[in-house]
Amino acid sequence: MAEATVSFALEQLGSILFRKTSGFIIKLVCLVGDVEKEVDKLTHNLRAIQAVLVDAEQKQMKEEAVRVWLYRLKDVCYEVDDVLDEWNTAILKLRIEAGHDHNALVPKKKVCCFFLSPWFGLKKVVLRRNIAVKITDINKKLDVIAKEKSDYNLNVILANEKPESQQMQTTSFIDVSDIYGRDNEKNNLVSKLLCEGSEQNLHIISLVGMGGIGKTTLAQFAYNNNDVKNNFDKRIWVCVSEPFDEFRIAKAIIESLEGHTPNVGELESLLQRICDSIENKKFMLILDDMWTEDYKKWEPFYNCLKKGSCGSKILVTTRKESVARITNSINIINVSELSDEENWSLFRKLALSERPPDEYENLEEIGREIVKKCKGLPLATITIGRLLQFKKSKEQWQRVLGSELWKVENVEKGLLTPLMLSYNDLPPMVKQCFVYCSIFPKDYDYMFKKTLIDLWMAQGYLGLEKDDQNVEIIGEEYSDYLVTRSLLQANGSYKYKMHDIVHDFAQFLGNNECLSVEVYGVEDPLANSSHDKVRHLMLTLNGIGTSFLESTCRLKWLRSLLLTCGNVDTNCLTSDVLARLFTELTCLRALKLDAKFNFEEIPKEIGKLIRLRHLELCDQSFGKIIKFPESLCELYNLHTLRFVSPSVETLPQGIEKLVNLRRLEFDTLRCGLLYMPKGVEKLTGLRRLSGFVIRGGGDHDNKACSFEGLKNLNRLEGSLTVRGLGNLTDVSDGKLTEVLKNEEKLHQLNLEFDKSEEGERLGDDDELILKTLQLPPNLEDLSIWYYRGNTFPSTWTTLTKLKVLRLRVCSNCKHLHHLGNLPLLELLDLMAMSSVKKVDDNFWGIESETSSSSSLCVHFPKLKDFRFWYTREWEEWDCKVEEFMPCLASLRIVLCPKLKALPDNLLQRTTLKRLDFSQSPILTERYNKETGEDWPKISHIPYIEIDCNRVQHEQ
């Protein structure tokens, strides 16, 4: 990790002194006297140390002195980073005060030499002197560290370069869920789970073995076995881990049984809920990764779970046989290492399966030798196999086999060396990203990919922003890199998990600088002196009180604070608590607060967090209106401002000073913004903007950004909601043409034609707005709300990539001409079309076509899902044209009480797999399975649901 911190310090130093613009290197800061000498010396020291860091990272595993040296170096590099960050922020502040910067992410036409400008006067002298003093102090420490490197015989080895795009490309993920070998264990485990047993209601089985041996994989195999599935009424999976949290475990069991988490504070009440839920039910509960040997903690669960029906089973996985004993396990299955041949089969699939025969033969012998060193541990084999999957030559494989790391005493038998080899193969910045993941607790289920990349960016792990470079893409490449090395596990499409052994390894590498702590009651959660070096902290509050405050504020060097509440009913964040945190923790780069907010305004002290890049707020009390202070706009480095739940009516008027802002994200339904402040249009580096609110007149006119200002934000990506289109007063033709035209990276757009003030709004205005707006060309998902026009513009035919279209509460709309020609449309969702009485070819505009073109045209050629909601006046649906919705697979009708029938030629489609209608009494009577005259017309459809009752469900 030290090599990454040194590399970043040098990169940051270069970014302060020089900027590359249009192919020219321009000097930004004029250094004089001592400042220039100290900066030169700092650069020289860092480069000299950087040259030997690859060798030092490898030798630290065997030489404790080298390991200590690296930790000291890393601490000094953090100081370098802090000083350079302070310097860069001061320069940025001077530029903003002088009116030079509108947005720091956009290349400037002209770059001035800051410290020659008369704009800055005395400030430049003070800044230069302060920076010189701090760099001098750091150089003294680096002098010592640089001299010491010769004591450890460190050699110059070139580090891996940052992975280029082609290096980051990976083959499709290999499925290793099928277990190699272990036929006896699999059959034995399934047999015991299916066995009815004796008179006891509850049988407990334990899988015991060392970490990485494959206990969880065996449990997953049994959990998903079809015979096992069919044998139980309920199946429950709970990851226990450490500590044994009775409340969390009880809530997890109830959530699995009932589908939601109870808002109950007493363990007795939770256990009673479990008893009620399992009564007369045969269940299987898997308790994965259990550690506690305290029978008193287990006993209440044991007595509660005995209430299930006869034949119920509990399967425990644990590393300790003593844990299995205290759970009263009837059967203990010891999971042993894989045989050499089983291990080889697993390795071969990962590392050799896609290679040509000659390459396979060249590598097979050395591969078998490497497998022997994995000592039968599947996790070790998977890790080393994924590493060698990307190594092509025999020399590369030989270096892995001959590594000195195999001689190291292993922390977890057989695992440390494969993990270390895989880690050493990572580029420097990816190493930092990996270690940072250990800020989350073991078995953490909510390591979201998006959040993880945001936090990496906040720490500078993805490098510095350069012109149009998209560092988010780099973050995705890094995360994919870690997955392919088995250092992270994909948990669905958007989340990751980390194996507990890998988590221990990451903590070991980081010297516990990443820490996750749960706080109960009034104890000091950070009393342990070993926490003095913690730089990234996740605090979970589970009790009343502010005991965490004093100990957290002692960590003045903290760079990340993720504060969340495990029990939201007993925890509130007050203004005083936040003010203290903001005042003390001025090194923070990332701050996430997920709790009840007991205040109405964020304390002004937030302006002291000048290094902050990522600010995320989630108010679990809901409904409260929170105000941001103007001091928020002093956070010039902020790149992410996200408020999930708090209702925010206004943003600070000085928001244009947040020149590095890349994301302004909020819940568009709950946030309550009245308008976008003037200055938003100057944040041209914004890539994510949840919503844009058009002012509603009145007192906000002088403070609000006009809708036309949105055209400056042409880097937006993903999704955007525009609210208040009904407030537009000047909708003359052509005025709005450029607003959305250049948003080429927007894929989802929600347009809401709501109006803030009372008064009639004409449908002609809405039609003119929609006609004038040139929608982004790459739109895939479009929603329109509260539109009062009679029809939609023909310009929609240009949306050739549109896949989803939702029209909601379009009360005057009587025609949907032109929609049938959208070539890729897959979902059409219509709701509250209150003026619609008849849907026929004229409704779709089909009759307006010439007979020749009509016979050749396929209308809605790709449509698979069609939904009609809450259209109370709709009576008839007539469909004469044949080539209409040929791919329709799902049809849903809800609350259309006057609709008499569905088109026969749609119902007869062999493509139709699902039919669902409710609160439409005429349809219910007509298509009733028992008495309906038209049941035969729909009986061939595999899935039919009428009034929320499943009438037919064929496999």
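Of note:
- Calculated FRET efficiency for the pair Thr931/Tyr71, C-beta based, R₀ 56 Å, to 0.05: 0.10
- The phi torsions of segment 438-445, fed into the Karplus equation with coefficients 6.51, -1.76 and 1.60 and a -60° offset, translate into couplings of 6, 5, 7, x, 4, 6, 6, 8 Hz, rounded to whole numbers, with Gly and Pro shown as x.
- Hypothetical label at Lys234: residues of segment 303-325 whose amide nitrogen lies under 17 Å (7 Å Cα-Cβ projection): 303-315
- Per residue solvent-accessible surface (Å²) - segment 578-678, probe of 1.4 Å: 31
- Extension gain, Cys553 to Glu630: 0.36 nm times the residue separation minus the Cα-Cα distance gives 25.3 nm.
- Two-site label geometry, Lys533 and Cys857: point separation in nm, points 7 Å out along Cα→Cβ: 7.2
- Residues whose amide H lies under 5 Å from that of Asp754, counting only those 5 or more places away or on a different chain, are Gly724, Leu725, Gly726; hydrogens are built 1.01 Å from N in the peptide plane.
- Residues whose amide H falls under 5 Å from that of Val519, counting only those 5 or more places apart or on a different chain, are Thr540, Leu541, Asn542, with hydrogens built in the peptide plane.
- Close amide H pairs (under 5 Å, H built 1.01 Å from N) link Arg695 with Met676, residues at least 5 positions away or on another chain.
- Rounded to the nearest whole Hz, the Karplus-based 3J(HN,Hα) values (6.51 cos²θ - 1.76 cosθ + 1.60, θ = phi - 60°) of segment 661-678 follow the sequence 5, 10, 9, 10, 10, 7, 6, 5, 7, 9, 5, x, 4, 8, 5, 9, x, 4, with x at glycine and proline.
- Lysines whose Cα lies under 20 Å from that of Lys450, excluding same-chain neighbours fewer than 8 positions away: Lys431, Lys442, Lys495, Lys497, Lys592, Lys745
- Where a label projected 7 Å from the Cα of Arg892 along Cα→Cβ would reach, residues of segment 904-928 with amide N under 13 Å: 914-918
- Length gained on full extension, Arg914 to Lys320: 208.8 nm, using 0.36 nm per residue less the C-alpha separation.
- On the basis of the beta-carbon distance and an R0 of 22 Å, Cys195 and Asn280 show a calculated FRET efficiency of 0.60.
- When only alpha carbons are used to place a centre, segment 282-338 and segment 788-822 end up 58 Å from one another.
- Whole-Hz Karplus values for segment 874-889 come out as 6, 10, 10, 10, 10, 10, 9, 5, 7, 7, 9, 6, x, 9, 4, 10 Hz, taken residue by residue from phi with 6.51 cos²θ - 1.76 cosθ + 1.60 and θ = phi - 60°; glycine and proline positions read x.
- Cβ-derived FRET efficiency at R0 35 Å, Ser621 paired with Phe448, nearest 0.05: 0.95
- Measuring how big segment 796-955 is from its alpha-carbon positions, Rg and Dmax come out at 15.4, 47 Å.
The values are calculated or read from the model by the stated rules, or taken from the named source; none is laboratory data. Just so it is clear, the structure is predicted and the values come from calculations on it, not from any experiment. All Cβ positions, glycine included, derive from the backbone under ideal geometry; neighbour counts span all protein chains shown. These accessible areas exclude ligands, DNA and RNA; they are computed on the full protein's heavy atoms, side chains included. Shrake-Rupley method; radii C 1.70, N 1.55, O 1.52, S 1.80 Å.
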